[in-house]
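The values are calculated or read from the model by the stated rules, or taken from the named source; none is laboratory data. None of the values given here were measured: they were computed from a predicted structure. Using ideal geometry, Cβ is built from the backbone for each residue, glycine included, and neighbour counts are taken over all protein chains shown.
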Amino acid sequence: MNRPLLEVKNLSKHFVVKQGFMGGKKAVLHAVHDISFQVAEGEAFGIVGESGCGKSTAGRSLLRLAEPSAGQVLYQGENIVDFDANRLRALRREIQIIFQDPYASLNPRMTIGQTLAEPMLLHGVATRANVKEKIEGALLEVGLPAQAMQKYPHEFSGGQRQRVGIARALSLNPKLIVADEPVSALDVSIQAQVLLLMEDLQRKRGLSFVFISHDLGVVRHFCDNVAVMYLGRIVEKGGVDTLFEDPLHPYTQALRAASPVPDPGNRITVAKIEGDIASPLNPPTGCHFHPRCPKAMDVCKREYPVLRQIEGREVACHLYPRTPA
Ligand code: SF4
């Protein structure tokens, strides 16, 4: 088997936070706990879960926008966690990020041309002589006219701004893109267009993606494999069709039931997962999902289930392996 482009091994990210009156008490928030996964060249790997499950922190830790507390992030076999500032800067050319809110990540005082030119010149992807031509090419590739380079972010719609965000990420010819909820702020019909664009770019450029979303339906549309996260841990991981068609973990089952389809003609009822996700500062004992789980047993309150290989995927749940009837 070929070496994966990205290999995440036992990655954790903890934050020490101050609590209580005057912030005198300290507590540890386990935002990401001991997660492992691989991304092959040309693969789109999804990380899915509700808000607060740690998926965005996991994505930021991959780029060291949040420094990992433990574990390894191997990119082409080298551990990014050990990189010094120079190597990290060079790596940022190969791994790019697309944010949920492109408006917040674009400088409102810079034209789109200036926004795209800056990283290209900084990383030597373009020269003063050819930067305009390169920007035009980047804009056309994401379906925007060349004149867009003279405009400011506020002059675009949400979908167009996300196209600018994608153009900026692509402008350095990366191999891997971490896309953090790239379509969740957009209308459903625009979501489908942006997903199709990303799919097209992935195919043409052979890009790899770590695609972070709260929506299993969107992940299914775009990804090959997926990890489902709950309160900082992976609870189920495997092929996206396997998890979508036959989810084993009750949380994946709930996400599946709650997942709308990104097609304006398809109106399915959106179910709601009962209860709220607990605070990662004070996670429930045993399986963290037990207060919300319709299948919880006594053991679930006492012991955290280990992630193990069951029926062609990995799952962390005391229901498996299924006991014979
Ligand atoms: Fe539900 Fe228990 Fe499985 Fe947790 S371990 S998901 S509480 S059945």
Restricting to strands (runs of 3 or more DSSP E) lying wholly in segment 1-97: which have 3 or more residues that are under 19 Å from the mean Cα position of the chain (by Cα), at pLDDT 95 or above and not aliphatic (A, V, I, L, M)?
6-19, 25-39, 70-75
Filtering segment 235-251 down to residues that are of a type in the set (A, V, I, L, M, F, W, C) and buried (at least 24 other Cβ atoms within 10 Å of the Cβ), which residue is farthest from the ligand (Cβ to nearest atom)?
LEU243
From LEU207, LEU216, residue being buried (at least 19 other Cβ atoms within 10 Å of the Cβ), closer than 26 Å to CYS293 by Cα and touching a residue at least 40 places away in the same chain (Cβ under 8 Å)
LEU216
Just a yes or no: is a residue in segment 296-310 touching a residue at least 60 places away in the same chain (Cβ under 8 Å), of a type in the set (Val, Ile, Thr) and within 11 Å of the ligand (Cβ to nearest atom)?
no
Go through segment 279-325 residue by residue and tally those that are aromatic (Phe, Trp, Tyr) and over 21 Å from HIS14 (Cβ atoms).
1
Residues located in segment 160-198, provided they are assigned to a loop (DSSP other than H, G, I, E, B) and surrounded by 24 or more Cβ atoms within 10 Å (Cβ to Cβ)
SER171, PRO182, VAL183
Being in contact with a Phe, Trp or Tyr (Cβ under 8 Å, 6 or more places away or on another chain) and surrounded by fewer than 18 Cβ atoms within 10 Å (Cβ to Cβ) is true for just one of VAL28, VAL8, VAL17, VAL39. Which residue is that?
VAL28
